[in-house]
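Only one structure is covered here, and it is reproduced in the block below.
The values are calculated or read from the model by the stated rules, or taken from the named source; none is laboratory data. Since this is a predicted model, take the numbers as computed values, not measurements. Methodologically, a virtual Cβ is constructed for each residue, glycine included, from the backbone with ideal geometry; neighbour enumeration extends over all protein chains shown.
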């Protein structure tokens, strides 16, 4: 009978979990739809392990494969370098009917080989433009060198004039739109203006439902500043994974919406555009973390993230994740619930098992999705292992607690999970404090690890709630039930360094939450922000608004506050008893 009750509970919890997986991952209807090729996409055919930083470049065969993957998706491509494996692009693209905006990469001439690199790029650009006049439609002399402060305006103008004198195609330079207003002398040298409009990266990030108004406003502003100059939006895009910026929420659904919207408004307002970018770029994680590597409309395996019409699924491989999580949850419940008798206890354990399995599998798959280098692959394995370890420790304590509520404190029933749980509660507390500090000092590109922390917060929160519930029904101290003391092997009952560390973690986690919260307001204060809003009266409301705009950051702060509770209570109770 006991085994029948347990099996029934496991099956019902698995069905409930499957229903929730299906509901959470149902396709999202995205408007508008776009049923024609895009105008152009940024083309950088780097695979995993290839990078301009390490000087490992795609082979001609790989370049040809990637160009073929864009047939029907885009009418043209934009390159950023005239060398480094891109020499073959004009010929191959021409065979496939793709028009090319060919670019030369210019760098800082004060650095070693900087001048030689620029000369080689200019020579390669001129040579390719003259050899392939039909395939290369337009040329670009440099990309964001003014933004990076690699060249002075007069140095850049010198290169522009050399190229204009040597090629027949229209010549431009690409940079963030604001730099054309800052350096109008550069704009006057160009046949057309190539501006970058990236609402996600603005000093004041733009939410997805306001991008159309923002893009149209910027284009009109540039047109008014430089009447008669044709305008190409040289970069416009949205990332699919990584950290949110203020109200600009990162997701595959939002990327699909942005790309479709960009194509539709460009047609309606009659301007040309280039989507950044064709493929995800793992190497950019070294410069901009996860969010920098995930702007492709195709992923690193050359699979389309979304279609250009119809609904979009945020997590394409969710059925695989769901199957693994449900199987792990069911196995864990069957293994640990063998001594439970009542239907209530068996079902509670099975539900806990499914909840923790969801958190572990979500953590592991997300860690893999944002892993782009070998040491990140190791960190992925560690993150998955830590999550699984804490889940096992918590679930073992839940099983003991359900079996006998009088054993609300640690016993000899499960010593290994208890030792593991004690260590991991301290680890996650330190991890949270350190990451919040990193967000404060360098948060623009750094991931917000909400997914990593869903496991400790959900697992420990659920177990503490269950302990408090049993304590209340038995007339015992609810406060003591919310402490780590007796939950696992007491983190405070050990070496003095661990006692001091746990005592420090309560206030440190709250301070970390405050630091992370402040970082979002601080992030909007950039050069463009100060220029657009010169007075404190204009700046202060926008900074305060920025503090609350990022829901991902607010969730992170709430997680830190929640995680601080058992540390505070443990330290307080220990202080009262000493």
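Of everything listed in (1) touching a strand residue (DSSP E or B) at 6+ places or on another chain (Cβ under 9 Å); (2) farther than 30 Å from residue 229 by Cα; (3) modelled with pLDDT of 95 or more, the single unmet condition for residue 322 is (1). Residue check: is residue 122 buried (at least 23 other Cβ atoms within 10 Å of the Cβ) and either within 35 Å of the chain's Cα centre (by Cα) or outside any loop (DSSP other than H, G, I, E, B) (or both)? Spelling it out, it is not the case that residue 122 is buried (at least 23 other Cβ atoms within 10 Å of the Cβ) and either within 35 Å of the chain's Cα centre (by Cα) or outside any loop (DSSP other than H, G, I, E, B) (or both). Taking (1) farther than 25 Å from residue 288 by Cα; (2) in contact with a helix residue (DSSP H, G or I) (Cβ under 6 Å, 6 or more places away or on another chain); (3) assigned to a helix (DSSP H, G or I) in turn, residue 32 satisfies each apart from (3).
Taken over the stretch 76-119, the residue count meeting the criterion of being part of a loop (DSSP other than H, G, I, E, B), over 11 Å from residue 136 (Cα atoms) and in contact with a strand residue (DSSP E or B) (Cβ under 6 Å, 6 or more places away or on another chain) is 3.
Taking residue 270, is it assigned by TED's automatic domain parsing to the domain that holds residue 208 and buried (at least 24 other Cβ atoms within 10 Å of the Cβ)? The answer is no for residue 270. Looking at 92, 98, just one residue is surrounded by 16 or more Cβ atoms within 10 Å (Cβ to Cβ), modelled with pLDDT of 95 or more and within 19 Å of residue 297 (Cα to Cα), and that residue is 98.
Scanning the stretch 123-160 for residues being free of Cβ contacts under 8 Å to residues at least 12 places away in the same chain and in contact with a strand residue (DSSP E or B) (Cβ under 6 Å, 6 or more places away or on another chain) gives a total of 0.
If the condition is being at pLDDT below 85, over 30 Å from residue 3 (Cβ atoms) and in contact with a helix residue (DSSP H, G or I) (Cβ under 8 Å, 6 or more places away or on another chain), then the stretch 337-375 contributes 370, 371, 372, 373.
Out of the residues in the stretch 236-280 meeting the condition of being in contact (Cβ under 8 Å) with a residue 60 or more places away in the chain and assigned to a strand (DSSP E or B), tell me which one is farthest from the chain's Cα centre (by Cα). Looking at the filtered set, the residue picked out is 272.
Are any of the residues in the stretch 292-303 in a helix (DSSP H, G or I), in contact (Cβ under 8 Å) with a residue 60 or more places away in the chain and closer than 22 Å to residue 252 by Cβ? For the stretch 292-303, residues in a helix (DSSP H, G or I), in contact (Cβ under 8 Å) with a residue 60 or more places away in the chain and closer than 22 Å to residue 252 by Cβ: present. Pick from 186, 206, 163: which is touching a residue at least 24 places away in the same chain (Cβ under 8 Å), closer than 21 Å to residue 77 by Cβ and touching a strand residue (DSSP E or B) at 6+ places or on another chain (Cβ under 8 Å)? Sole residue among the options that is touching a residue at least 24 places away in the same chain (Cβ under 8 Å), closer than 21 Å to residue 77 by Cβ and touching a strand residue (DSSP E or B) at 6+ places or on another chain (Cβ under 8 Å): 163. Assessment of the stretch 524-539 against the conditions (more than 19 Å from the chain's Cα centre (by Cα), in the same structural domain as residue 430 (by TED's automatic domain parsing) and within 30 Å of residue 505 (Cβ to Cβ)) yields no matching residue.
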